[in-house]
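The values are calculated or read from the model by the stated rules, or taken from the named source; none is laboratory data. A quick note: this is a predicted structure, and the numbers were derived from the prediction, not measured. Backbone-built Cβ (ideal geometry, glycine too); neighbour counts: all protein chains shown.
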Amino acid sequence: MELAHIDLNLLVVFQQLLQDRQVSRAAAALGLSQPAVSHALRRLRARLGDELFVRTAQGMEPTAFALQLAEPVGQALATLHRALNSAAVFAPAQSTRSFTLAMTDVGEIYFLPVLMEALAREAPGVTLRVVPAGGEALGQAMAEGRVDLALGLLPQLQAGFFQQALFRQGYVCLLRQGHPLAQQATLSQADFLAAGHVRVDAPGTGHGRVDAHFERAGWVRTFRLAVPHYVALGHVLASTDLLATVPERFAQRAAAPLGLTTRPLPLDVPATAIHQVWHARMHREAGNQWLRQRITAGFGRESDELAME
């Protein structure tokens, strides 16, 4: 099919429907009437020979062909948008933009206090929305422009993404200050393995590599509790004699307020690199560039080289 046979406006409607999954919301976002959006969808269906969207109880669900088109259409429209707005600049002090960031609960604890303080000084009108970083849907959300930036250890974000290493962090043992093992400057393998542990299952974040490292070493810990996130972990440790293996920067935030302390792990666990990651479509977008620079200034400890996967 020749591009001359496709009205570019139809692709704009297609992209908005992919994002909103409702005709009424897409129409409002585009400043069109619902009949106009429905008419555009009928024209595109006829031109492409596919239903593209099917009505369900959850809204307009894209067909397999529509999902196949999603990334190339999104990239093409983003490229056109950047080309047509190449002179656009981002003025943080005057901006009222809302950015959507993806991060784990550990990331929220570590990044958000510092980042919100910086925004209050430099961009008081800018707001942030945070969504979970785990799961396979994150890449699609970033490709569609629904998430601006992701922070953390995110091995599932590969093809089509840029990443920048911010810092490397190790893992430590976190326990309450009154714990019997807290009287020791270092923990022996025997004491560590004899204690009860808490495991945090955080799929899609990369922290499972630590558990895999213990397993490869043949170290079998006794898990008394498994939780899906870090939010309640500090409170559990503060009132029990359980131990937890956690990222060191989480431990730095949680230790003092909850009466906890840290000890080096008796097993050498490799440090992990924490990145900020963005989709190629946002690489030259002025607001996204500014946000990345702000995060690098606040948290970057390593080379500022960019790499595209």
Exercise. Taking the condition in contact (Cβ under 8 Å) with a residue 40 or more places away in the chain and surrounded by 14 or more Cβ atoms within 10 Å (Cβ to Cβ), does Leu242 pass?
Worked result: yes
Problem set entry | Residue in the stretch 209-223 that is closer than 30 Å to Ala297 by Cβ, at pLDDT 90 or above and surrounded by 18 or more Cβ atoms within 10 Å (Cβ to Cβ) present | no
For this session: Any chance you could count how many residues in the stretch 250-273 are assigned to a helix (DSSP H, G or I) and of a type in the set (Lys, Arg)?
Result: 1
Exercise. Does the stretch 224-232 include one or more residues that are of a type in the set (Ser, Thr, Tyr) and either surrounded by 20 or more Cβ atoms within 10 Å (Cβ to Cβ) or in the same structural domain as Met103 (by TED's automatic domain parsing) (or both)?
Worked result: yes
For this session: Could you tell me which of the residues Arg281, Arg294 is crowded, with 21+ Cβ neighbours inside 10 Å, among the basic types (Lys, Arg), in contact (Cβ under 8 Å) with a residue 40 or more places away in the chain and not assigned by TED's automatic domain parsing to the domain that holds Leu193?
Result: Arg281
For this session: Quickly run through the stretch 246-260 and pick out the residues that are modelled with pLDDT under 95 and of a type outside the set (Gly, Ala, Ser).
Result: Val246, Pro247, Glu248, Arg249, Phe250, Gln252, Arg253, Pro257, Leu258
Problem set entry | Filtered residues of the stretch 141-172 (kept if buried (at least 21 other Cβ atoms within 10 Å of the Cβ), closer than 20 Å to Ala271 by Cα and at pLDDT 90 or above) | Ala150, Leu151, Leu166, Tyr171, Val172
